[in-house]
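Student: To start, I am sharing the structure in question, which I have written as structure tokens.
The values are calculated or read from the model by the stated rules, or taken from the named source; none is laboratory data. Owing to the predicted nature of the structure, the values given are computational and were not obtained by experimental measurement. Using ideal geometry, Cβ is built from the backbone for each residue, glycine included, and neighbour counts are taken over all protein chains shown. What goes into the accessible areas is simple: the full protein's heavy atoms, side chains included, and nothing from ligands, DNA or RNA. Shrake-Rupley method; radii C 1.70, N 1.55, O 1.52, S 1.80 Å.
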Amino acid sequence: MSETLNEYGQGKQQSFTPRELLLKYLPYVPWIVISTALMLMLAYVKLRYSVNIYNVSGKLLVARNTNRSTGDKFDDIFMMQSSSNNLNNEMEIIRSKLVAARVVKSLGLQLSYANKGKIRTSSVHPRDMPFEWQILTLKDSSKSIQYFVTAVSDRQYRLNMRPELYNYNQTVSLPDCDFKLLKTQVSLNNFASNEFTIAWTPTDALAGSLSGSIKVDRVGDFSDVLAISYVTENTRIGVDIVNSYMREYQQFGLEDKKQQADNTLSFINDQLDTVKTELGGVERNLQSARERNRVFAPEQQSLLYFNELSESNKQITEQTVRLKVVDYLIRYITDKKNVYRLVPSTLGIEEPSLLQQIAEFNKLQLERETALKTTTEANPMIVSLNTGIDKIRADMLENLNNVRHTYLVALDDLKRKSTGANSEISTIPGKEKQLLEITRQQKILQELFSFLLQKKLETSISSASTISNIRVLEPAVASGDPVSPNRKGLYTLALMLGIALPASIILLKEYLNDKVKSKEDVEKLTSTPVVGEVSHADEGGALVVTKNNRQYIAEQFRIIRSNFQYILPKTEKPVILVTSSFSGEGKSFVSTNLGAVLAISGKRTVVLEFDIRKPKIMEGLGLNERKGITNFIVGS
């Protein structure tokens, strides 16, 4: 039979026209509409009781530092050896717990308020609360505290669902803390309920949470502008946090600059005291020598003889200043008081490796001071920084000793030249020579003293006029639409699910369907001609075709009889077989009524029932059971 169907089915292609698709799935439209409406309703309920999360953002500019030389031979002394700012480092500073802790303290975020609604609890800005929580004494600052406050009236409230009533402005003593609730002018009618939650959280815990929530990004790959953003359900709190972040970061940079200036001034003052003491001693020696030797105008007396010597002395003076600077730096670095203090620039010493070492030494010192604000000296990171500082200090001392040796060699060479000049003026009295040596020492110290005074004034002016290289471009602004939940996306998803869910079920049902439901199903799968269609019979009897019955189902059998004339072989006594794959599909019903409709037309008709297990034709016609096919087959 399968071979016959395959033969008949050759050349048939299963295809659907838009009309067929419409007629086929039109009955399922109400289910799709119901499913879509249900999903949209669920999306509405989800949005109705979800907390809206908004994004708050602001922008700031991080300008790059540039140092310009004035051309003075000692203009690089005490210059801040800072390269252009690394924006990645600045971003990490903003995200650090140190800045987060400053924000928490400046805004008082340790105290938080929330209002309990019927479905959800919403955070409230402190200035929007009907009362202010004032902590008088905190028993354990490392532990979080939380209380439930029920506002009974404008004068009284309850704590933690207990029946006791407390008055506003009354001091309440609890095991965790002593506090007051101060009544404000905000009305309780502005809130969903009269139940509130007040909580106190330690600064360290809040700083860790806040530093992980703040987002810092560069606006562009080649831009020095940073965007700071924060997501929150309360936009007022979010605006305060972002603005405070930009303000505290700006202040942090100013404090860093002022600290460097203070260290430089401290170094200059120490050196001024030393030079002043030495200069006073030289001046007293000069005065004593003049009085003792009675020499008042040595320049006029030996002008012609000392021109050559003056040039050598000038060079000796400059070299001696450099040597003094090296000695001052060595003493400063080896002084135990200055173990963890910044080292100023090298006072005109032109040694690139030393400049690099001092810059790295000062960088580690600043990192150590910054880290000590949030940790102790026993921290492994501090120990590592101390080791690095000691290593660089030893390298600097070795480098300074090498530079000093070089300067000494150069100075000795200049002194040899000066000695040669002195041999030409050997006639100058020894008293005059002694006087010149004292004068040279005085000149060296005077020049160094004047230079230090100038740099002290410049550093003081620079410190007083210090401005931050961080500028706020855009204050914090909250987004107009919430970033979560996504209303448009959720409704779109609900709409798609409402359509896709029933459609998937319908398609799955159609895919798993292996039954023939209409004439079109037969015509699509086979080329076998369809003689007719028989509807379901609601009558209880098996015989529906009678001579005077003109019902619709009887007419269907008459149509089949008419179509038989075109497809039955041209034989006098044709045989028609009625069969199916399962019982109960209507074989007996069709056979009985098909025989009846042929008999009505005057043809002698015999109906043979080959259903051996469950014969129904005799019962359906109301006939008594007699011998049948089974008896014929077995020969009885």
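Student: Percentage of Cα-Cα pair distances in the stretch 356-403 greater than 18 Å, rounded to whole percent?
Tutor: 33 percent
Student: Enter the angle in degrees (range 0 to 90, nearest 10) between the Cα long axis of helix 487-512 and the first principal axis of the Cα atoms of the chain, meaning the one along which they spread out most.
Tutor: Tilt of helix 487-512: around 30 degrees.
Student: Then there is this: Using amide H atoms built in the peptide plane, which far-off residues or other-chain residues are under 5 Å from Ala476 H to H?
Tutor: For Ala476, whose amide H was placed from the backbone, the distant partners under 5 Å are Asn243.
Student: Something else about it: Could you pull the accessible area for Val409 with a 1.4 Å probe, rounded to 10 Å²?
Tutor: Rounded to the nearest 10, the figure is 80 Å².
Student: Right, next: Keeping every protein chain in place, order Phe564, Phe148 by accessible area at 1.4 Å, biggest value first, i.e. largest first.
Tutor: These residues rank, largest area first, as Phe148, Phe564.
Student: Using a Förster distance of 41 Å, how high is the FRET efficiency between Tyr49 and Thr375, based on the Cβ-Cβ distance and rounded to 0.05?
Tutor: My answer for the efficiency is 0.40.
Student: Given a Förster distance of 25 angstrom, what is the FRET efficiency for Val634 paired with Val606, based on the Cβ-Cβ distance and rounded to 0.05? If you can, show how the numbers build up before the last one.
Tutor: Details: r = 20 Å, r/R0 = 0.81.
Result of the calculation: an efficiency of 0.80.
Student: Heavy-atom accessible area of Ser450 with all protein chains present, probe 1.4 Å, nearest 10 Å²?
Tutor: 70 Å²
Student: Let me ask you something else. Within the set Lys105/Lys139; Lys276/Lys455; Lys337/Lys391; Lys105/Lys455; Lys276/Lys391; Lys515/Lys573, which residue pairs have Cα atoms separated by over 26 Å?
Tutor: Lys105/Lys455; Lys276/Lys391; Lys515/Lys573
Student: Follow-up. Sorted by accessible area (1.4 Å probe), largest first, how do Met381, Met91 line up?
Tutor: The ordering from most to least exposed comes out as Met381, Met91.
Student: Residue farthest toward the positive end of the dipole of the stretch 304-410, with Cβ of Lys/Arg at +1 and Asp/Glu at -1: which of Thr374, Val409, Phe361?
Tutor: So the residue we want is Thr374.
Student: Between Ser193 and Lys627, what length in nm is gained on full extension when 0.36 nm per residue of separation is reduced by their alpha carbon distance?
Tutor: Full extension of this stretch gives 147.3 nm more.
Student: Whole percent per 10 Å bin, from 0 to the bin with the longest distance: what is P(r) over all C-alpha pairs of the chain?
Tutor: Once binned at 10 Å, the Cα pair distances of the chain give 2, 9, 12, 11, 9, 8, 7, 7, 8, 7, 5, 4, 3, 2, 2, 1, 1, 0.
Student: When the chain is fully extended, how far beyond the present Cα-Cα distance does Ser479 get from Val409, taking 0.36 nm per residue of separation?
Tutor: 18.2 nm
Student: Now for a different question. Taking all protein chains together and a probe of 1.4 Å, list Lys105, Lys116, Lys180 from the most accessible to the least accessible.
Tutor: Lys105, Lys116, Lys180
Student: So how do 163-176, 384-397 stack up, highest first, on mean other-Cβ count within 10 Å?
Tutor: Top of the packing list down: 384-397, 163-176.
Student: Let me ask something else. Kirkwood Rh, Cα Rg: Rg to Rh for the stretch 161-231?
Tutor: On the way: Rg = 20.4 Å, Rh = 17.1 Å.
Radius of gyration relative to Kirkwood radius: 1.19.
Student: Same structure again: So what is the 222 nm mean residue ellipticity for the chain from helices alone, if each DSSP H run of at least 4 adds -39500 (n - 2.57) and you divide by all residues, rounding to the nearest 500 deg cm²/dmol? Working shown, then result.
Tutor: Numbers: 18 runs with 331 residues, N = 636.
After summing the helix terms and dividing by residue count, I get -17500 deg cm²/dmol.
Student: Let me ask something else. Can you pull the accessible area of Phe610 for me, 1.4 Å probe, Å² to the nearest 10?
Tutor: My reading of the accessible area for Phe610 is about 130 Å².
Student: What accessible area per residue, rounded to a whole number of Å², is obtained for the chain using a probe radius of 1.4 Å?
Tutor: Details: 39900 Å² over 636 residues.
Result: 63 Å² per residue.
Student: While we're on this one: Taking all protein chains in place and a 1.4 Å probe, what share, in percent, of the accessible surface of the chain do carbon and sulfur account for?
Tutor: 54 percent
Student: Spelling out what I want: for every residue of the stretch 625-634, take phi, set θ = phi - 60°, compute 6.51 cos²θ - 1.76 cosθ + 1.60 (Karplus), and round to whole Hz; glycine and proline get x.
Tutor: Along the stretch 625-634, the couplings run 6, 9, 5, x, 4, 4, 5, 5, 5, 7 Hz.
Student: Using 1/(1 + (r/R0)^6) with R0 = 30 angstrom and r between the beta carbons of Val33 and Phe582, what's the FRET efficiency to the nearest 0.05?
Tutor: 0.25
Student: Give the long-range amide H neighbours of Ala542: residues separated by 5 or more places, or on another chain, with amide H under 5 Å away, using H modelled in the peptide plane at 1.01 Å from N.
Tutor: Hits under the 5 Å cutoff: none.
Student: Sticking with this one: Which far-off residues, 5 or more places away or on another chain, put their amide H under 5 Å from the one on Tyr113, with H placed in the peptide plane?
Tutor: Residues meeting the amide H criterion: Val124.
Student: Moving on to the next point. Placing +1 on the Cβ of each Lys and Arg and -1 on the Cβ of each Asp and Glu in the chain, which of Tyr54, Leu210, Gly108 has its Cα farthest towards the positive end of the resulting dipole?
Tutor: Tyr54
Student: In sequence order, what are the phi-derived ³J(HN,Hα) couplings for the stretch 185-196 according to the Karplus relation 6.51 cos²θ - 1.76 cosθ + 1.60 with θ = phi - 60°, rounded to whole Hz, with x for glycine and proline?
Tutor: 8, 6, 7, 5, 5, 7, 10, 5, 8, 9, 9, 10
Student: Please report, in debye to the nearest 20, how large the charge dipole of the chain is about its Cα centre when each Lys and Arg carries +1 at its beta carbon and each Asp and Glu carries -1 there.
Tutor: 2320 debye
Student: Considering only Thr197, Gln271, Ala63, whose Cα is most displaced toward the positive end of the charge dipole of the chain, charges sitting on Cβ of Lys, Arg (+1) and Asp, Glu (-1)?
Tutor: Thr197
Student: Could you go through the stretch 555-560 in sequence order and give the Karplus-derived ³J(HN,Hα) for each residue, using 6.51 cos²θ - 1.76 cosθ + 1.60 with θ = phi - 60°, rounded to whole Hz, and x for Gly and Pro?
Tutor: In residue order, the calculated couplings are 5, 4, 5, 5, 5, 4 Hz.
Student: Moving on to the next point. Could you size up the charge dipole of the stretch 509-589 around its Cα centre, putting +1 on the beta carbon of Lys and Arg and -1 on that of Asp and Glu, and report it in debye to the nearest 20?
Tutor: 320 debye
Student: Which pairs break 32 Å Cα to Cα here: Lys519/Lys570; Lys524/Lys627; Lys116/Lys373; Lys257/Lys415; Lys97/Lys258?
Tutor: Lys524/Lys627; Lys116/Lys373; Lys257/Lys415
Student: Compute the acute angle (0 to 90°) between the alpha-carbon long axis of helix 97-107 and the principal axis of greatest extent of the alpha-carbon atoms of the chain; round to the nearest 10°.
Tutor: 90 degrees
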